[in-house]
1. When you look at residue A:100, is it outside any strand (DSSP E or B) and of a type outside the set (Asp, Glu), yes or no?
2. For the stretch B:1-41, give me each residue that is farther than 22 Å from residue A:4 by Cβ, under 15 Å from the mean Cα position of the chain (by Cα) and among the small types (Gly, Ala, Ser).
3. Return yes or no: is residue B:94 within 14 Å of chain A (Cβ to nearest Cβ), aliphatic (A, V, I, L, M), surrounded by 14 or more Cβ atoms within 10 Å (Cβ to Cβ) and in contact (Cβ under 8 Å) with a residue 12 or more places away in the chain?
4. Scan the stretch A:70-78 and give yes if some residue there is surrounded by fewer than 20 Cβ atoms within 10 Å (Cβ to Cβ), within 14 Å of chain B (Cβ to nearest Cβ) and without any contact (Cβ under 8 Å) to a residue 24 or more places away in the chain, otherwise no.
5. Does residue A:62 satisfy the criteria of being farther than 21 Å from residue B:43 by Cα, within 14 Å of chain B (Cβ to nearest Cβ) and free of Cβ contacts under 8 Å to residues at least 40 places away in the same chain?
6. Being more than 19 Å from residue A:99 (Cα to Cα), among the small types (Gly, Ala, Ser) and exposed (fewer than 15 other Cβ atoms within 10 Å of the Cβ) is the requirement here; does residue B:79 meet it?
7. Applying the selection to the stretch B:36-89, what residues are of a type in the set (Phe, Trp, Tyr) and within 15 Å of residue B:109 (Cβ to Cβ)?
Amino acid sequence: SQTIHQWPATLVQPVGSPLSLECTVEGTSNPNLYWYRQAAGRGLQLLFYSVGIGQISSEVPQNLSASRPQDRQFILSSKKLLLSDSGFYLCAWSIGTDKAYEQYFGPGTRLTVT
Amino acid sequence: GNSVTQMEGPVTLSEEAFLTINCTYTATGYPSLFWYVQYPGEGLQLLLKATKADDKGSNKGFEATYRKETTSFHLEKGSVQVSDSAVYFCALSVPGNTPLVFGKGTRLSVIA
């Protein structure tokens, strides 16, 4: 069966510090991968998605970036965090075909920028 | 374009009350439809889905029917429990290797 991992689970970082969040998927090959952010009490904001290694689509211009160095690894980064980057970050995967499939979510990372 | 509209929350119900959360959609092509649930502090879990018109998805006492004529996928449960308190998201997917389109979510609080 497939599983998705995210770490760390929680993170407190000062403004201006760098960020690296990691997501890995097990039990599947060539998945589509996604990063979402959820601000407190609000809906989901799609940040990035990837249909293959090195292929990243950015949905929202900001100080975040994403990379996919391996088939089942997706990394969210920032060189300098802003207060507005605080939120709950969710990674998700789906089967990588041209059909309409559901997405499966990881447990999330709670980021607080102070 | 593709979009999902959910009823605004929060919704507060007493235990054993009947639940309906409305969801309507706009889509180019033939979408698949989903309901996700997010418990406090957790990621989203797929609750149920339907992939063609008149399909009924069901799970844990929740159900939703894919109504193409009214472009709707309303979530229902006959008797809610305190443990159903969560945020519910309606979503659609269209063929073409693109991300799901989510509604804004509806917060449900069930009180004993």
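The values are calculated or read from the model by the stated rules, or taken from the named source; none is laboratory data. These numbers come from a predicted model, not from an experiment. Every residue, glycine as well, gets a Cβ built from its backbone with ideal geometry; the counts of neighbours run over all protein chains shown.
1. Against the criterion (outside any strand (DSSP E or B) and of a type outside the set (Asp, Glu)), residue A:100 qualifies.
2. Listed by number, the residues that qualify are B:3, B:9.
3. Yes, satisfied.
4. Checking the stretch A:70-78: not a single residue is surrounded by fewer than 20 Cβ atoms within 10 Å (Cβ to Cβ), within 14 Å of chain B (Cβ to nearest Cβ) and without any contact (Cβ under 8 Å) to a residue 24 or more places away in the chain.
5. Here the answer is no, as residue A:62 does not meet what is asked.
6. Against the criterion (more than 19 Å from residue A:99 (Cα to Cα), among the small types (Gly, Ala, Ser) and exposed (fewer than 15 other Cβ atoms within 10 Å of the Cβ)), residue B:79 qualifies.
7. B:39, B:88
For every residue, the table says whether it meets (1) within 11 Å of the chain's Cα centre (by Cα); (2) more than 11 Å from chain A (Cβ to nearest Cβ); (3) within 22 Å of residue A:39 (Cβ to Cβ).
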{"site": "B:43", "(1), (2), (3)": "no, no, yes"}
{"site": "B:48", "(1), (2), (3)": "yes, no, no"}
{"site": "B:71", "(1), (2), (3)": "no, yes, no"}
{"site": "B:79", "(1), (2), (3)": "no, yes, no"}
